[in-house]
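Heads up, the thing below is written out as structure tokens.
The values are calculated or read from the model by the stated rules, or taken from the named source; none is laboratory data. No experiment lies behind these values; they were computed from the predicted model shown. Counting neighbours? That spans all protein chains shown, and the Cβs are built from the backbone with ideal geometry, glycine included. All accessible areas refer to the heavy atoms of the entire protein, side chains included, with ligands and DNA or RNA removed. Shrake-Rupley method; radii C 1.70, N 1.55, O 1.52, S 1.80 Å.
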Amino acid sequence: PFPLSFLQECILSGIMSVNGKKVLHMDRNSYYGGESASITPLEDLYKRFNLPGTPPESMGRGRDWNVDLIPKFLMANGQLVKMLLYTEVTRYLDFKVIEGSFVYKGGKIYKVPSTEAEALASSLMGLFEKRRFRKFLVYVANFDENDSRTFEGVDPKKTTMRDVYKKFDLGQDVIDFTGHALALYRTDDYLDQPCQETINRIKLYSESLARYGKSPYLYPLYGLGELPQGFARLSAIYGGTYMLNKPIEEIVIENGKVVGVKSEGEVARCKQLICDPSYVSDRVTKVGQVIRVICILSHPIKNTNDANSCQIIIPQNQVNRKSDIYVCMISSAHNVAAQGKYIAIASTTVETAEPEKEIKPALDLLEPIEQKFVSISDLFAPTDLGTESQIFISRTYDATTHFETTCDDIKDIYKRMMGSEFDFEEMKRKKNDIYGEEEQQ
């Protein structure tokens, strides 16, 4: 196969190489990972957003910056961490735990409790509410979809989440908080769907939190751009070939099936092609837009206890919207900004003709902002699933602040390509791999 761009493509090229497939990976950019790259030095970010002039002296050294275009964290117990561990790409990366997760309520932000003591002391809910909530969390922790004795009259495939909340008599604020800050849903559509998925999401949150204690999220030093690079190295160890700065002139189709890719007048032949939507505009459909605002600050965010990194979730109900607004904040502690600087990225799904107004509640929490970089991106999903054409197209990054949906996309493409379910075991490095690490030392 033949991947072009994005983190999904980089991970798949790694997996396919480990599986003995012959992989050539081309990219029109001079760096790996397309949209999932981190931009350095800071001058390049100014250019990318067409800002006049150069960054002021106060921004420090340009090359101390690695700014993500797409803000995301990794769930400590989530699928991407599992992929990193299985492929041992972890040996190329260093991670730090994000210091806290916060949720917005009535114009203020509150810490999402990360221990039982914090939960009891939290002013997010009253005393009786806390007792009911605790009962609910114990139920979720004990819930096992393979053991009906743990269901307590709930049918995980039929009972809606709304009814489960009713069963525990949870109020609207607690429901908002649970669905959006723990289960990490962007909208309230989940309330009328079977509860199994939501319960599993809350379990993932709790298990991820249990691993490190401060929050369930991890972030790589030097930025998210390290992830595609790590998987690119994995692919290379297994004989994969990478070509950067390759303009793609044409995807060559014969009898409705991909046979190659033309670049600089030459055709590289292939049996399967994986690519992001930007390479195949006629085979994707626009499914929405996301606004993202990268903000450079010289101070931690107020009311976060001076955390050097955090996530803030603004549930849609709190600001009369259909979808949540997110803020991801990291700083010089992660080697992504100059000393004493913080990068906060606000994002949400666009719902009106004035996206900048929509994201204002998040920006208000970040004032004063030293410099803003605003982008509005179209979201694309494939209309061609690749069955005939053998072209497998990834989805654009959504507004979520973690990689779970990205991993679902990887598993989906894998299944469409290979005709079998994705199996983490397939990603394990062969113990006696001929390309070994020795050559790399």
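Using only alpha-carbon positions in region 235-275, the gyration tensor eigenvalues give semi-axes of 20, 14, 8 Å once each is multiplied by 5 and square-rooted (largest first).
Using the Stokes-Einstein relation with a Kirkwood hydrodynamic radius computed over Cα pairs, the translational diffusion coefficient of region 153-291 at 25 °C and a viscosity of 0.890 mPa s comes to 123 µm²/s. For region 246-313, the equivalent ellipsoid derived from the Cα gyration tensor has semi-axes of 44, 15, 11 Å, listed largest first.
The alpha carbons of region 1-104 give a radius of gyration and a Dmax of 17.0, 50 Å, in that order.
Net charge dipole, the chain: roughly 600 debye, given to the nearest 20, about the Cα centre with Cβ charges of +1 for Lys and Arg and -1 for Asp and Glu. Between 422, 128, 373, the GNM of the chain built on Cα springs shorter than 10 angstrom shows 128 fluctuating the most. Projecting the Cα atoms of 153, 265, 293 onto the charge dipole of the chain, computed from C-beta unit charges around the Cα centre, puts 153 farthest toward the positive end.
3J(HN,Hα) along region 29-37, derived from phi through the Karplus expression 6.51 cos²θ - 1.76 cosθ + 1.60 where θ = phi - 60°, amounts to 8, 8, 9, 7, x, x, 5, 8, 7 Hz, with x in place of Gly and Pro. When the inverse distances between all different Cα atoms of region 156-235 are averaged and flipped, the Kirkwood radius reads 14.7 angstrom.
Across region 273-287, coupling constants 3J(HN,Hα) worked out from phi with the 6.51/-1.76/1.60 Karplus curve, θ = phi - 60°, read 10, 10, 8, 8, x, 5, 8, 9, 4, 7, 10, 10, 10, 6, 10 Hz, and Gly and Pro carry x. For region 12-63, the residue among 59, 14, 45 whose Cα projects farthest onto the positive side of the dipole built from Cβ charges is 14. The residues of region 15-62 expose on average 50 square angstrom of accessible surface per residue, using a 1.4 Å probe on protein heavy atoms. Considering only alpha-carbon pairs that sit under 8 angstrom and 6 or more positions apart, the relative contact order computed for region 47-141 is 9 percent. For residue 286, a cut-off of 21 angstrom between C-alpha atoms picks up these lysines, skipping any fewer than 8 places away in its own chain: 322. Rounded to the nearest 20 debye, the dipole magnitude of region 120-196 is 260 debye, with +1 charges on Lys and Arg beta carbons, -1 on Asp and Glu beta carbons, and the Cα centre as origin. So what does the Cα-only Debye profile of the chain read at q = 0.07, 0.09 Å⁻¹, as log10 I(q)/I(0), no solvent term? Normalising to I(0) and taking log10 leaves -0.36, -0.61. In this structure, the amide hydrogen of residue 386, modeled 1.01 Å from its nitrogen in the peptide plane, lies closer than 5 angstrom to those of 391, counting only residues at least 5 positions away or on a different chain. In order along region 136-152, the phi-based Karplus estimate (6.51 cos²θ - 1.76 cosθ + 1.60, θ = phi - 60°) of 3J(HN,Hα) comes to 4, 5, 5, 4, 4, 4, 7, 4, 9, 5, 9, 9, 5, 5, 8, 7, 6 Hz; Gly and Pro are listed as x. Who wins for biggest fluctuation among 210, 399, 37 in a Gaussian network model of the chain, springs between alpha carbons below 10 Å? Of 210, 399, 37, the Gaussian network model singles out 210 as fluctuating most. Treating each Cα of region 269-407 as one equal point scatterer and applying the Debye formula with no solvent, the log10 of I(q)/I(0) at q = 0.10, 0.13, 0.21 Å⁻¹ comes out as -0.43, -0.66, -1.20. Taking 23 Å as the straight-line reach from the Cα of residue 96, the lysines in range (excluding those fewer than 8 positions away in the same chain) are 72, 82, 111, 203, 214, 302, 341.
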